[in-house]
Amino acid sequence: MPESSVDGFQASVTRCGVKDVTRRLVGLVGGLRSRAAKAGEVPKTDTSTTRIKATVAADGTVTPTDAPVTRRVLSSHNAAALRQMLEAVVTVPGATGLSAAITGYRVAGKTGTGKVVRAGHYQPGEVASFVGMAPADAPRYVIGVFAYTPGGNGGLVAGPAFRDMMTFTLGHYAVPPTGTKRPKFHVYP
């Protein structure tokens with residue numbers, strides 16, 4: 001039975017040092033899907049992408065489930081900067097993740113649209129995604145939504161599903177509304 005992306009990621013954290021884990025994170029963020037598509041394979045990036053966002057939400061640390069050791073793979077400063085940048089996706093007018101916003105909470109996340117490749121050929125349809133965290137100023141939960149759609153568009157397809165799931169989660173676990181103002185972003189054309 002093949003191991004899942006999360007199990008494989010956790011196993012690599014256990015087997016490898018911080019440099020290798022950092023390289024894996026950078027590789028996943030930096031375009032694993034496009035490299036795999038060129039090779040004719042589709043990687044299991046949904047759980048890996050969620051794992052990366054969870055690392056950013058956890059102030060740059062990864063805690064593998066098979067080992068109670070926490071390793072820093074990203075500086076606290078860089079994790080905080082990434083969280084703040086990911087808030088722009090949900091707050092800046094015209095941004096792709098506006099549909100993931102939750103009233104009263106700061107939300108950070110990333111939309112995505114990817115092609116499906118089988119046997120080295122693109123297939124009809126696309127995979128739309130939104131992976132986000134809330135509250136962005138003190139993250140408690142990370143949720144990833146992935147949907148196979150005729151036309152992709154992660155913000156319009158996966159954003160509302162994320163919003164509904166995260167709204168339920170925050171309410172269910174009685175997470176109080178965000179106590180800080182969201183950052184102001186200056187976007188230049």
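The values are calculated or read from the model by the stated rules, or taken from the named source; none is laboratory data. The shown structure was predicted, so the numbers you read here are calculated from the model rather than taken from an experiment. Here the Cβ positions follow ideal geometry from the backbone for every residue, glycine too, while neighbour counts run over all protein chains shown.
Once the stretch 162-189 is narrowed to residues that are in contact with a Phe, Trp or Tyr (Cβ under 6 Å, 6 or more places away or on another chain) and either without any contact (Cβ under 8 Å) to a residue 24 or more places away in the chain or crowded, with 16+ Cβ neighbours inside 10 Å (or both), the residue that is farthest from PRO135 (Cα to Cα) is PHE162. Within the stretch 88-119, restricting attention to residues that are among the basic types (Lys, Arg) and either over 19 Å from PRO135 (Cα atoms) or surrounded by fewer than 19 Cβ atoms within 10 Å (Cβ to Cβ) (or both), the residue that is farthest from the chain's Cα centre (by Cα) is ARG118. Of all residue pairs spaced 6 or more apart or on separate chains, those with beta-carbon atoms under 6 Å, a first member in the stretch 104-126 that is modelled with pLDDT of 90 or more and a second member that is assigned to a strand (DSSP E or B) and of a type in the set (A, V, I, L, M) are TYR105/ALA134; VAL107/ALA134; ALA108/MET133; GLY109/VAL131; LYS110/VAL131.
Considered as a group, the residues in the stretch 60-74 that are surrounded by fewer than 17 Cβ atoms within 10 Å (Cβ to Cβ), modelled with pLDDT under 80 and not polar (S, T, N, Q) include one that is nearest to GLN84 (Cα to Cα), and that residue is VAL69.
Give, as residue ranges, the strands (runs of 3 or more DSSP E) completely inside the stretch 98-189 that count at least 2 residues that are over 28 Å from SER76 (Cβ atoms) and either among the β-branched types (Val, Ile, Thr) or touching a His at 6+ places or on another chain (Cβ under 9 Å) (or both). Please lay out each step first, then the result.
On the way: elements: 108-118, 121-134, 141-149.
Where strands (runs of 3 or more DSSP E) fall fully within the stretch 98-189 and carry at least 2 residues being over 28 Å from SER76 (Cβ atoms) and either among the β-branched types (Val, Ile, Thr) or touching a His at 6+ places or on another chain (Cβ under 9 Å) (or both), they are 108-118.
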